[in-house]
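To start, the structure under review is shown below, and the notes come after it.
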Amino acid sequence: MSEKLQFGQLDVVALGELLIDFTENGISDQGNPLLEANPGGAPCNVLSMLQKLGKQTAFIGKVGNDGFGNLLEKAIVEQGISAEGLKKDNEVHTTLALVLKLANGDRDFAFYRKPGADVNITADEIDENLIKRARLFHFGSLSLTDEPAISATLKAIRVAEDAGLIISFDPNLREPLWPSLDAAHAQIDYGMRHAHVLKISDNEIQWFTGKEDFDEGIAVLREKYPNLKLICLSMGPDGSRAYYKDLKVEAAPFLQEGTIETTGAGDTFCANMINAVLDNGLDGFDEEKLKNMLVRANAAASIVTTRKGALRVMPTVEEIDAFLAARQ
């Protein structure tokens, strides 16, 4: 279990996007897709799962001072996430994403974000003391697509480093949001240079390293970014892997017939990875602990694929335990 926190302390602070995911929820009488406004955004999905795992979290980001922004603030507070670092923009609306399911099961993302409130957060709006109260700082790449959010993110990373926090990073590549893939590569490179823990997906590592073989891609990352102490690779229906020191551990997926969509599955996995880091420390893993981390992360992610949305439907510890017990 995590060490006992003093009053006002936090386990995790995350920075990034908080937005509305409009996801498909049926067909109208006219044959049109019905879209449900689900609270989303990878960093807060991660924090929501961490809250279910018993951790204390806070979010730094920006939404519009509008109806959707109010809905999002209410949603994260309901999950127990501190909104101390949440800012509201009077000029720019809350960012929206349309998530449509393709025939092959993949998702197609369309973003209303030029600009969107999440990328309008400034460096001056970063609450340094909030970061300093935490044990771990988490961020993704989507706050690195545009200014002023880029400068805000770089400042937050500097504060976290100066305070001696563990830093975790999830590239979470969304190609339509970048001016070019070269720009994405450069900013994700920056993120990896400053992180101790990395969660990366199969398609992301192949794109970033140019290596089709995952082990070869991991070798590239470990040589270029020696600061990365733990790398977790999510492989969708092929399970997941953890690379730590001289260990490589793999866990099979939990595939379900009841899967609806995969939105939030990677974030759920990421949160369970972070939870294990908080419980064990960067130097406290062995093969058994890595395997347990992956199994629980895969299980939690599988549960989320059977539910609509992500932020409000993360599984509890008891649900994960029951899920695993039923499959022993």
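The values are calculated or read from the model by the stated rules, or taken from the named source; none is laboratory data. In this text, all values refer to a predicted model and were calculated from it rather than measured experimentally. Counting neighbours? That spans all protein chains shown, and the Cβs are built from the backbone with ideal geometry, glycine included.
Suppose we filter the range 292-328 for residues that are among the polar types (S, T, N, Q) and on the phi > 0 side of the Ramachandran plot; how many remain?
The total comes to 0.
What's the number of the condition Arg296 fails, among (1) in a loop (DSSP other than H, G, I, E, B); (2) within 15 Å of Gly239 (Cα to Cα); (3) free of Cβ contacts under 8 Å to residues at least 60 places away in the same chain?
Of the numbered conditions (1) in a loop (DSSP other than H, G, I, E, B); (2) within 15 Å of Gly239 (Cα to Cα); (3) free of Cβ contacts under 8 Å to residues at least 60 places away in the same chain, the odd one out for Arg296 is (1).
Pairs, please: C-beta under 9 Å, at least 6 apart or cross-chain, first residue surrounded by fewer than 22 Cβ atoms within 10 Å (Cβ to Cβ) and in the range 34-47, second assigned to a helix (DSSP H, G or I)?
Sorted first by the residue in the range 34-47, then by its partner, the pairs are Ala37/Phe68; Ala37/Leu71.
Could you go through the range 234-244 and let me know if any residue there is hydrophobic (A, V, I, L, M, F, W, C), surrounded by fewer than 23 Cβ atoms within 10 Å (Cβ to Cβ) and under 20 Å from Phe208 (Cα atoms).
yes
Do you know which residues across the range 267-287 are under 13 Å from Arg241 (Cα atoms) and surrounded by fewer than 24 Cβ atoms within 10 Å (Cβ to Cβ)?
Answer for the range 267-287, where residues must be under 13 Å from Arg241 (Cα atoms) and surrounded by fewer than 24 Cβ atoms within 10 Å (Cβ to Cβ): just Glu287.
Test of understanding: among Ala103, Ala123, Ala58, Ala149, which residue is modelled with pLDDT of 95 or more, over 20 Å from Gly266 (Cα atoms), out of contact with any Pro (no Cβ under 9 Å at 6 or more places or on another chain) and among the hydrophobic types (A, V, I, L, M, F, W, C)?
Of Ala103, Ala123, Ala58, Ala149, the one residue that is modelled with pLDDT of 95 or more, over 20 Å from Gly266 (Cα atoms), out of contact with any Pro (no Cβ under 9 Å at 6 or more places or on another chain) and among the hydrophobic types (A, V, I, L, M, F, W, C) is Ala149.
Suppose we keep only residues that are assigned to a strand (DSSP E or B) and among the aliphatic types (A, V, I, L, M) within the range 14-33. Which one would you say is modelled with the lowest pLDDT?
Result: Ile27.
Picking from Ala58, Ala97, Ala75, which residue would you name as being of a type in the set (A, V, I, L, M, F, W, C), buried (at least 17 other Cβ atoms within 10 Å of the Cβ) and in contact with a helix residue (DSSP H, G or I) (Cβ under 6 Å, 6 or more places away or on another chain)?
Selected residue: Ala58, the only one of Ala58, Ala97, Ala75 that is of a type in the set (A, V, I, L, M, F, W, C), buried (at least 17 other Cβ atoms within 10 Å of the Cβ) and in contact with a helix residue (DSSP H, G or I) (Cβ under 6 Å, 6 or more places away or on another chain).
Can you pull out the residues in the range 190-212 that are surrounded by fewer than 20 Cβ atoms within 10 Å (Cβ to Cβ), closer than 20 Å to Ser234 by Cβ and charged (D, E, K, R)?
If the condition is that a residue be surrounded by fewer than 20 Cβ atoms within 10 Å (Cβ to Cβ), closer than 20 Å to Ser234 by Cβ and charged (D, E, K, R), then Asp202, Lys211, Glu212 are the ones that fit.
List every residue pair whose Cβ atoms lie under 8 Å apart, where the two residues are 6 or more positions apart in sequence or sit on different chains, the first residue falls within the range 108-120 and is among the charged types (D, E, K, R), and the second residue, located anywhere, is surrounded by fewer than 17 Cβ atoms within 10 Å (Cβ to Cβ).
From the range 108-120, the pairs are Asp108/Leu100; Asp108/Lys101; Asp108/Leu102.
Tell me, which helices (runs of 4 or more DSSP H) lie completely within the range 34-137 with 3 or more residues that are closer than 22 Å to Ala310 by Cα and not hydroxyl-bearing (Ser, Thr, Tyr)?
Qualifying helices (runs of 4 or more DSSP H): 42-52, 67-78.
Spot the failing condition for Ala184; the list is (1) free of Cβ contacts under 8 Å to residues at least 40 places away in the same chain; (2) out of contact with any Gly (no Cβ under 6 Å at 6 or more places or on another chain); (3) surrounded by 13 or more Cβ atoms within 10 Å (Cβ to Cβ), and only one is missed.
Ala184 satisfies all of (1) free of Cβ contacts under 8 Å to residues at least 40 places away in the same chain; (2) out of contact with any Gly (no Cβ under 6 Å at 6 or more places or on another chain); (3) surrounded by 13 or more Cβ atoms within 10 Å (Cβ to Cβ) except (1).
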